[in-house]
Amino acid sequence: MRYSNSYFAFLLLSLSSIYAQAPAATRAILEGDVVNAATGAPIAGARVKIDPTQTDPLYGRSDAGGHFLFSSLPPAHYFLSVDAPGFLRPASTSVDLTLPRSSTAGTAGASCLLPNGTVARSADADGTLHARISVPLAAYAVITGTVTDPDGIPMEDSAVEILGKRPVQTPRRPSPASRPLPDGKNEIVTVAMVRTNDKGEFRAARLEPGTLYVVANKTTSRGAWESSFRATYYPHAMNFASAKPLELTAGQQVRADIQISRQSGVRVAGRLVKPEGEEYPSGPLLYTSVILVPQQSYIQNGNGPFVTGWDDYELNDVLPGKYTLMAVTRDASADPYGGNQKPVFGLTRPIEVGDRDMSGVDLVLQPLRDLAGAVTFREGCTPFAVRISLQSIGNPLAWGQTEAVSGADGRFVLHSLVMGKFTVSVSSSGRRVRAASIRLGDRDVEKDGFEAPLSGDDPLRIDIACDNSGGQR
Amino acid sequence: MKHCLLLLIFRVMAAGQTVEGDVVNAVTGAPVAGAYVSTTNGSEPLVVRTDVSGHFRLTASAVAPVQVVHAGFLGNYGTRVYKPGQASSPLRIELTPAAAISGKIEDEDGLPVERAQVQAVRYRVVNGERKLQPAAWAESDDLGRYRLKGLPAGRYWVRTGSGDAGNWDRRYVAEYFPGTLKPDATSQVEVESGQEHAGVDIRLTKHEGVTVSGRIEMPAGVAVSSRMVHLQSDSAGLPEWFYGSQQSDGSFIIRHVTPGDYTLRAASGNYPPQAGELLAEQKLQVGEADEGSIVLTLHEVQAVDLGGTVVMDDGSNPPRMYIGLRGMMGPGVSTHSGEDGSFVLKGLLPGHYDMQIIPDRKIVNGTIAAGSSAHPVSARLGEKEVLQTGFDVDGPPAGPLRITVSSHFIEISGKLLDASGTPVAGAQLALTSDGPNGQGWATTDADGGFRFLLQRAGDYHVYLLADQNDWSDPDYLEKHVDDFPLLRVVDGTNPPVTLRSPALPVN
């Protein structure tokens, strides 16, 4: 057999080009199958998006057999997103189309990966990289229903929460969306919240299968809630312990109609005693809000909304139980029309309510205190201005964040801390800054925060190591 | 804000009253059972329900104006009485059934669009300008369905955001029913009281638009890092955003931008920014062609102080005034002028601010003393009149803020009679003339009497309002402009006026 020189030259050239550029290929194919995670059945009409840079996406749809194909792609890392009506959306996942090797999808570090998705990679004879991916999607569950008031009239704008139960997360960071159960092992989390429309109807979709509870809360429509109305758990329970769980499977839709329960309680009332000798207006521009926060309860079901008074207050239809009574007085004289109303006095105290009206529960309000502190930077760091924000946990009256920005000397003052628990967060230029330590006196308060009123005059010390300052100046 | 206003109102109400009344359907006249009637009993809202005949009775230590709500009806505050002889108890409170608009949002492939912000919008007069404002809004569910509830009867455009379709494919943008980028005069949806207009479906289409690109320059000595870039349009009051991405070399690109007027903005943190953060802004008109080579230079945002003075129009000593500035977001900035009229507004960050100027309130023995009757007639920032329009802060302010106030009012009093000559009690009247400060409002008393305090002379149009919303409704004002003859108001003393109502407005 004879070969021409030119043939050898061509072969050499071809080989050299393959080896010289290996492992880079010139072309890639990405194909896959979208299937129902529970049944394995193909999902037709799912939309598929791939995007190498997250700015120039390519779009496709799965065919009747659930199959999709992108051919003639430049080799690159691609972000793959898949979405089909009725199914939960997996987070977009990264597919490596630069190297012919097999792996599980999403090894590039996407936060929530395709569940059990797999990628098989190979190189075709002509050097084309070929990835085959299977994309199982989980059908979501839906809860629908109608909320009516005790007289059977539709309740408009009621906040309906879908609750789940899970073991207490450790380390546990206090959050308004999770509430511990009395057993200490489990906590309730809000997995969805929807509002009823003018016919009292609600629909909560995109629910993951599992055991879920439903509670209908107070309406936001002002005045459309009597103080004897109670947040009501499906089907007609006044607390979580008596609520009926809904067992939801993938793709299931269930109804949970709720009629709001009515139960009378007792009256708690008293005078609001303000500190003497303080220079504040004594008129309507100085108002006090009072609320009872149930101890060891999962939802504020013990009384009506918070009340506001000047010289006295009155809470109606309070159910028997142990509460923390919280009061905050605000001075509106500096800004009668705005949100800059400064908290000036406060009080927090435990109170046990029985089955009789309680009058004369006078509240002796205390001036609120400031908390001073300083930011320090570790060696080698260039100091920068730091925003210190306090988030209140569990005091519904502590609306508005308490914030301060450190000065050139690192010092700051957080003004007028209302009573209750706070966590501290630190940011700069809108980005979170991770502090090396946050201490109140000798106490580390970085994780668990601290409780006001504070007993001593200890300053809040924030120490920052510049390697995690978010690339700030 | 509302919260505090309510407190103030409730506090001045007389104590020890009983209020009785009947709640009826404003359209059919039928009693409305189970309506929530509330007032405030000192501090806590006191709530009662209407019985099967729509009747209620409230006894409280202090009775404020009652508020009436019922699912499916527009809320009512129960302080308005339309017909003669009903100014005293029992109240007749009419609840107007609310209208609703519902439908479905789909994409080009017929897939449901979830989480789309859908609004029913119509023009309102805001600070003298016609702006599109939402009357109701809703979010589409996982089936793409939405329901705009609680609407007063009227004509609305239905506008939808692109929702999850826009997250999936940036070529999906906000559209108006039935599928236009701008509100089209012929495509309004009309609803009557109590009516549900279903089937207002919108199928979004992809718009290629144009590409806006350029680079972001950092201040000297600051390393390049990822920054937020966006375009914000403000077409007639409903802003829309187009987001871009920034590459590590400082270049940015925003794709699929539809034509319009925009502010192009880059920021190191969230918008609006805080002091110390980096920001760059410029106006940009986007047409049919790509916009490239734009350079955005970031600068550090600094809080600025704005000083100024309050003067009286007649040269006398100015009273102390409260000067409040309200930004687009955040709590705003406020101050009080001193004895000499001077003030400083501290810590203004970049952005647009609207103004509120009222006499400072003094508190004597726990109640608000009758304050000055001074009202602002002008606010000039540098050479610009900003009282009605507000102003933008972008770097050091353009000079002191000079506020002129006046205690001067022209009084117009008179009587409102219906076609048969009977006095009309509890009617809301409004006067308006061209130019700033040319408005006045009054409610007629039990004998049909009214009194306006106007800030300046001129020719005024007179309106009888069925609803407070009518005042900002340009269609209503246009329709009723000739209901009453033009009223000439002169400086000094004006003779009493008798107004004859052609017909009472239908609520």
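A few remarks follow.
- Filtered by the rule that a residue be within 12 Å of another protein chain (Cβ to nearest Cβ), assigned to a loop (DSSP other than H, G, I, E, B) and in contact with a strand residue (DSSP E or B) (Cβ under 9 Å, 6 or more places away or on another chain), the stretch B:315-348 gives B:M329, B:G330, B:G332.
- Check on B:S233, more than 14 Å from every other protein chain (Cβ to nearest Cβ) and not in a loop (DSSP other than H, G, I, E, B): yes
- Evaluated against (1) assigned to a strand (DSSP E or B); (2) more than 11 Å from every other protein chain (Cβ to nearest Cβ), B:R255 falls short on exactly one condition, (2).
- Residues located in the stretch A:262-277, provided they are more than 30 Å from A:V344 (Cα to Cα) and either part of a loop (DSSP other than H, G, I, E, B) or aliphatic (A, V, I, L, M) (or both): A:Q263, A:S264, A:G265
- Contact annotation: residue pairs with Cβ atoms under 9 Å, 6 or more positions apart or on different chains, pairing a residue in the stretch A:373-397 that is within 18 Å of A:R411 (Cβ to Cβ) with a partner that is among the acidic types (D, E) and assigned to a loop (DSSP other than H, G, I, E, B), are A:A374/A:D409.
- In the stretch B:279-289, the qualifying residues are those that are surrounded by 13 or more Cβ atoms within 10 Å (Cβ to Cβ) and touching a residue at least 60 places away in the same chain (Cβ under 8 Å), and the one that is farthest from A:A385 (Cα to Cα) is B:V286.
- Restricting B:L477, B:L453, B:L431 to those that are of a type outside the set (G, A, S) and either at positive phi or surrounded by 19 or more Cβ atoms within 10 Å (Cβ to Cβ) (or both) reduces the list to B:L431.
- Taken over the stretch B:116-161, the criterion of being in a loop (DSSP other than H, G, I, E, B), modelled with pLDDT of 95 or more and closer than 30 Å to B:G244 by Cβ is satisfied by B:A116, B:S140, B:D141, B:D142, B:G144.
- Residue in the stretch B:11-32 that is at pLDDT 75 or above, within 12 Å of chain A (Cβ to nearest Cβ) and in contact with a strand residue (DSSP E or B) (Cβ under 9 Å, 6 or more places away or on another chain) present: yes
- Any hit, the stretch B:290-300, residues being surrounded by fewer than 16 Cβ atoms within 10 Å (Cβ to Cβ), in a loop (DSSP other than H, G, I, E, B) and among the hydrophobic types (A, V, I, L, M, F, W, C): no
- B:T263 vs. criteria surrounded by fewer than 17 Cβ atoms within 10 Å (Cβ to Cβ) and under 27 Å from the mean Cα position of the chain (by Cα): yes
- Unmet criterion (only one of (1) part of a loop (DSSP other than H, G, I, E, B); (2) closer than 27 Å to A:T324 by Cα; (3) of a type in the set (A, V, I, L, M)) for A:L414: (1)
- Single residue of the stretch B:88-113 satisfying the filter (in a loop (DSSP other than H, G, I, E, B) and of a type in the set (D, E, K, R)) that is farthest from the other protein chains (Cβ to nearest Cβ): B:E108
- Residues satisfying the stated conditions in the stretch B:471-485, i.e. over 15 Å from B:E129 (Cα atoms), among the acidic types (D, E) and without any contact (Cβ under 8 Å) to a residue 12 or more places away in the chain: B:D482
- A residue that is assigned to a loop (DSSP other than H, G, I, E, B), touching a residue at least 24 places away in the same chain (Cβ under 8 Å), within 12 Å of another protein chain (Cβ to nearest Cβ) and crowded, with 21+ Cβ neighbours inside 10 Å occurs nowhere in the stretch B:186-208.
The values are calculated or read from the model by the stated rules, or taken from the named source; none is laboratory data. Nothing here was measured: the structure is a model prediction, and the numbers come from that model. Because the Cβ atoms are built from the backbone with ideal geometry, glycine has one as well, and the counts that use them run over all protein chains shown.
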